[in-house]
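As structure tokens, the structure follows; a few thoughts come after it.
The values are calculated or read from the model by the stated rules, or taken from the named source; none is laboratory data. Since the structure is predicted, the reported quantities are computational estimates derived from the model, not experimental observations. Neighbour counts run over all protein chains shown; Cβ positions are idealised from the backbone, glycine included. Accessible surface is based on the protein model in full, side chains and every heavy atom, while ligands, DNA and RNA are left aside. Shrake-Rupley method; radii C 1.70, N 1.55, O 1.52, S 1.80 Å.
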Amino acid sequence: MGEVLKGRGSAWEFEDRGLRITPEPGKASKLSMELGERFVPYDALADVMVEPGARGRVVLRVVPREGADPVMSAATGQLQESLDPYRLVLPAATKMLADQYADEMRAALSERGPAERFLIAGPSVPRSFRAWDGEAAFDGQVVTFTWFSSGASPVKFTAGDRRYPITEIEGVDWHALEDARGSLRLRILGQQALSNPNNDPASVVFGIGWGATHHSLPFAAAVLAAVQASMIGQVATEG
């Protein structure tokens, strides 16, 4: 391999060990631009397919194994098709070429079942975004929620700003902004999450213009990747 296939919004380079996806500035989705260039090892993929697209186009699509990608793990099936970073939309005339690359990638796949750990690197850090009720920041080690007096509930604002080291986090629940609602909730070790994220100090809530997918999802994925790496490192140390 080693060839490059350019489609709408991104270029895919087929290397010996994996697929390198590079978004094209000004044409890729905001989410793809925020994620940046990504290397996807072939052993992180469960399937490769060529599908018909809109207006006679062709779509080359790869499907990561369950648990192999922190971004898709955080998204939990909520991404719209247009935001899927693993779809390359191509002119109809390139179908034979797309089929060829699909066949070559399929031949490189090995295990297709759930992955025991992330095989695709998480989004870079540090990261931050503004939600409706506060600002979320992550430096790679600690998640900080800083509440806005104009948006935070009295419960959160009275409780004060929060700091959560990754060693205290066991997971992240991301709910895409839909019908003016959405949230990012940290699952804290030994604590029961409150049913209402508006009153949960371990959550930030989204609103129209606040907590957009291209900001909040990479943040959630970066935290997930760091939490898993910390857990693996702790197990290795104890072993």
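Give the peptides 134-140, 15-21 in descending order of average Cβ contacts within 10 Å, highest first.
Averaged packing, sorted descending, gives the order 134-140, 15-21.
Only Cα pairs within less than 10 Å get springs; with that Gaussian network setup on the chain, which residue of Gly209, Gly77, Gly171 has the largest fluctuation?
Answer for the Gaussian network model of the chain: Gly77.
Over what distance in Å are the Cα centres of segment 87-146 and segment 8-83 separated?
7
Quote the convex hull volume per residue of the chain, based on C-alpha atoms, as a whole number of Å³.
In the chain, the Cα hull volume divided by residue count equals 137 Å³.
Quick one: among Arg127, Arg38, Arg181, which has the greatest mean-square fluctuation in a GNM of the chain with alpha-carbon springs under 10 angstrom?
Maximum among the listed residues: Arg181.
Using a 1.4 Å probe on the protein heavy atoms only, what accessible surface does Leu186 show? Give it in Å² to the nearest 10.
Around 0 Å² of this residue is reachable by solvent.
Enumerate by residue number the GluC sites (Glu not before Pro) in segment 17-122 meeting two conditions: DSSP loop (anything except H, G, I, E, B), and at most 14 other Cβ atoms within 10 Å of the site's Cβ. The partial results should precede the final answer.
On the way: sites: Glu34, Glu37, Glu66, Glu81, Glu104, Glu111, Glu116; in loops: Glu37, Glu66, Glu111, Glu116.
For GluC sites (Glu not before Pro) across segment 17-122 that sit outside H, G, I, E and B with at most 14 neighbouring Cβ atoms in 10 Å, the list reads Glu37, Glu66, Glu111, Glu116.
What is the angle, in °, between the Cα long axis of helix 95-108 and the longest principal axis of the Cα atoms in the chain? Nearest 10 is fine, range 0 to 90.
70
What translational diffusion coefficient, to the nearest whole µm²/s, does segment 1-51 have by Stokes-Einstein, given a Kirkwood radius computed over alpha-carbon pairs, a temperature of 25 °C and 0.890 mPa s viscosity?
Values: Rh = 11.6 Å.
Answer from the Stokes-Einstein relation: 212 µm²/s.
Rounded, prolate or oblate for segment 13-98? Axes are the square roots of the Cα gyration tensor eigenvalues, ordered a ≥ b ≥ c, and the cut-off for rounded is a/c under 1.5.
rounded
Could you state the accessible area per residue of the chain in Å², with a 1.4 Å probe and every protein chain left in place? Could you put the intermediate results ahead of the total?
Values: 12250 Å² over 239 residues.
I get 51 Å² per residue for this part.
Could you work out the relative contact order of segment 90-161, using alpha carbon pairs under 8 angstrom and six or more residues apart, expressed as a whole percent? The partial results should precede the final answer.
On the way: 56 pairs, mean separation 12.0, N = 72.
In percent, rounded to a whole number, it is 17.
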